[in-house]
Structure formats: C-alpha cells, structure tokens
1. Any cysteines in the chain with zero other Cys Cβ atoms under 4.7 Å from their Cβ? List them, or say none.
2. Of ARG65, ARG408, how do they rank once you tally other Cβ atoms within 10 Å and put the fewest first?
3. Calculate, in whole percent, how much of the Cα-Cα pair population of the chain lies beyond 33 Å.
4. Pop out the Kirkwood hydrodynamic radius of segment 297-518 from its pairwise C-alpha distances, inverse of mean 1/r, in Å to one decimal.
5. Short version: ³J(HN,Hα) in whole Hz for each residue of segment 92-103, in order, from phi by Karplus 6.51 cos²θ - 1.76 cosθ + 1.60 (θ = phi - 60°), x for Gly and Pro, what are they?
6. Got a sec to turn the phi values of segment 60-71 into Karplus ³J(HN,Hα) couplings, 6.51 cos²θ - 1.76 cosθ + 1.60 with θ = phi - 60°, whole Hz, x for Gly and Pro?
7. Under a 5 Å amide H to amide H cut-off, with H placed in plane at 1.01 Å, what residues pair with ILE368 once short-range neighbours are removed?
8. With charges set only on the Cβ (+1 for Lys and Arg, -1 for Asp and Glu), what does the dipole of the chain come to about its Cα centre, in debye to the nearest 20?
Amino acid sequence: MTAESFLTSHGFVGDPFASTNSENEESLADYFVPPPYFESVLGSPTSPKSTIVFAPRGSGKTAQRRMIEIASGEEADFACVTYTNFSEIDPKTASLADHQKVICRLLTVAALSHLAEDTWRAHSLSEHNKQVLKYAAGELLNDLNQQELETAISSVKSLGDKAVETWHKYGGFIAAGIAALMSKFGLDGVKLPSELAESATGQAATLAYLFPKLVDVFRALGFEAVYILVDKLDETSKTGNRPDLAFSLVSPLLLDLTTVEQPGVAFKFFLWDLLEDLFVESGGRGDRLGVSKLHWTVPELMEMLSRRVAAFSDGRVTSFNQLVDPSFGVDVHRLLAHLSPDSPRDMIRMCERIVAEHTRQPDYPALISERTIYKGIHEFSKTRSQELFGRFMKDLARLPEPSFTNTRLASDVFKISTTAVRNKIVSWIEAGAVEKIGELSRGAKPLHKYALKDPRTVLATAPLASLSRLLNSDIFICPSCSAMLITSSPSEPCKECGAESDESAVRSLLATCEKPTD
C-alpha cells in the first residue's frame, strides 16, 4: 500500500505533505497563515515603502513573497516583478550597477507585457515614456538569448501565465517578438531621447538614469507603484552555505538608500536571518527600511497545519490527530508544531515521514500507532540534525544528557582538557547546535551550563525507545512565555524571559501535549 492510498482512505484529494516548496504550491492561498507583520510588509501602493524580512530557512519567506505576487493580480493598483535569478552577478564583485541592469531589464519586460495585455494602456504613455521604453528594450533585451528572456518574462508576476502567452503571441522569445511588440505600440518610430547620451557617462550612469524613468512608465500605465520582490539570495551555487557571500551579493542594492527609497518603488527583501548581523554591522538603515523578523508561535503553526490538511481534503480533515490511533493520549498535532520551531517546512516534512513510516508496513492499520509516531519523529530528527549540524553529530551523540557542563565533558566523556572541551562547545554554539542556559555556583568561579538548542537534536542523539522519556524529562515549556527549555533542571530561569518558576509549575513538552481527559 502507498501513502496516496492511505491519504485517500481518509478523504484527501491530494497529498498535503508532498511539497515543502511554496514556489510550486498552487493552493498556497488556501492555507497561508500571515505573520502578524504581513500587512505592513505588503504595505500601501499609494505610499510604497521598502521592507526587509529576516527569517530562517524553511520558515515561510517565499510563501510571503508568493502572497504578494498573488495580491498583484488583476485590478491591483501595483505592478510586481520578482528578482530571484542572480546567475549574472558574482557575489565577490557585485555592484549596484549589476543589480540595476537586471532590475531595469525586468521592468522593461514587465512594462511591455502589460502593454501587450491591455493595448489601450499605450495611449497613456507620453512621448518621453515611449522613448525610455524603446531605449531600454534596445539596450537590455536585444542581446538576450531565449533562456534569459524567458527568465525575465517569468518574473512578471502581476500577469502570471498571461505574460508568457503574450510573448508567444508576438513571435516568441526572440528579438523578432520584441520588434513586433514595439511596432504594435508605435514605438518603432520613436526617436531616442538625447538626454540619455548627454547624461550617461558609462553603464552605471545610464542605469541610474533609466531606473526612475522606467518607474515613471508604470505610473503612466496606471499603477500607483512597482513592487520588486528580492528572494532566494542564499540559493545560488556560491551562496548556499555562505551567509557572508549572500550578503556581499545583495548589499550593494540593500544599502543604497537612493535606489531602495526611489519614489513609486517598494523593494521587498526576503533574507536569510544569518544576514541580519551583517546588515547591522554594515550600517544598514533599519530606521529607514521596515525590518521584520519572522517567528511562528505554536498556535500559528497548528493553524497552518490545520488549514493545509483541510485544503487537501475539502475540509474533511482538520487535524493530524484524525490520522492517529485515539488510544495514543498525546495531541500529535500540537506536538508536531512544538517540534518544528519557526519552520512550517520542517513540520510538513515530519508529517510526511510519519506517514511514510506508517505505510511502509505491510497491511498497515487504518490509523497511525504511537510507536509509528515516535519512529517518524525520530527518523526525521536524525535527518534534520544531520542537515543542520552534520560535522558535529558524532560528538553530540556522545553527550550523556541534553544539558551538561564543560567539566563533565572534559573528565567523563571526551577525556580531554577543559580548554579543548571549551573550544568544542564554542564551535557548537557558533553552529547553533548548543546554547548557554545558566550557571552553577561551585566555589569562587561559577560553572557554565549548556544544552542542546534544537529539540530534534535531543531526539536524534538518543535511541528510539528513549523518546517518550526525553519529551517528559528533559524538554519543558516555560509557563511564563511558552519558550521551550531543554534542561535537566526545569526550575532554572527561562533563557528567553528570565522568569524563575517553581519546578512543580513547569510542564514537560509531553505533558503540555497530553490530550485532555474526560
């Protein structure tokens, strides 16, 4: 039997766990849960403002970008282009002119696409608007090959698939198609503006001149603003695991206030959270750009999962618990949200792994058992921990408990000097695998106490049979701020809010997720 058969038997019309890439999710709007700041990121086209969203990978940056693209559809008062292809730019030598060249190209293709979609818009263009468009098309489009032009056309999100259809109608992705469009709108006979040659002393100056002029074209076409959505900077072959190079790639654009505060334009940057410190250290103007940090609460993640399963089942399933044997006294839907801190993607991947573990059994039962729930969580935890902290997992697996002191590791575990252990711990902290959670009073000098930071790593470094015990004895929820605490002493002050709680008031993660009894 397959996962598809299992899901169909429970009323699903599609697999809600098949994709974790919002780029490819056609029904995203049906289960999108906006973070609290989303309205300010979307903003008002009548007073457009550039903004930055810093968020970890898998936390929903691209989903937010997609929702802005969807909002820019028919009858929207803003046009939208998406800037996600950086293949032309070397992160080590990136310049503002490099970005302006690509952006001006996208704006030119978008303007021509909107004209082709509604030919009456051409009547609203001034002679100067037409001159600018003709010059931009000649300079930025004529030398493109088919793939490059297709990439530019696909960025015109306001028109969706219509942009591609339009270019096919006018001769395809070749120079002839551009010429046909120019002729259609009467641009082929327009004389080029003399001030272009007079004002431009090189490519950079020409692009700096073109950018605001192209924005003026969109205003003439009836749009209040142009939104430029910048995403996927950390997904190139050179920047994938290098936040420093990802920042080097975007910083010439991100730090240039003249460009990002251009009237009539709103840049929306969706950036890896590891770039935030680099932005601040480089003098980034968070006071001039709206800066938001993405953080999902457990109730928001639960709502997201509920909406997702409902969307793929025509409302028949609204909780993952409906797939679980009711004899298991744990609210698995809530547990999955707790075990996916700030990551909708990880939550969906964990669901997929649980279903996979269930359906790989011959003649599997109708509902998922307690053991299979833990097996799926354990397997995903090992996979995710390896992805995040692979080079440290061999050492982390030797930890006797999820929380520890450096002296114990030195004497009892690794049997090396405290200095050598301290160096190990520093590298774990820098990687995000470990954090300092407090101090123990031992004589004149306090003893630092550390703990694993990610609950999945706690589970990954333990045998499957220990999962229930760990969830009940080493992972707790702060009663004051709901932060997750990984510690063997739950009475310690919370690392997030600093509250000191009586040990009897602090509930374990497993206890927090217990189903209420009748």
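Readers should treat all values here as calculations from the given coordinates under stated rules, not as data from a laboratory. Owing to the predicted nature of the structure, the values given are computational and were not obtained by experimental measurement. Every residue, glycine among them, receives a Cβ derived from its backbone with ideal geometry; neighbour counts consider all protein chains shown.
1. Singleton cysteines: CYS80, CYS104, CYS351, CYS513.
2. ARG408, ARG65
3. It works out to 50 percent of all Cα pairs.
4. Values: mean 1/r = 0.0538 Å⁻¹.
So the Kirkwood estimate lands at 18.6 Å.
5. Result, rounded to whole Hz: 6, 10, 4, 10, 4, 4, 4, 5, 4, 4, 5, 5.
6. Values, residue by residue: x, 5, 5, 4, 5, 4, 4, 5, 5, 4, 5, 5 Hz.
7. Here VAL324, ASP325 satisfy the definition.
8. Numbers: 54 positive and 67 negative charges, 266 e Å.
Approximately 1280 debye in magnitude.
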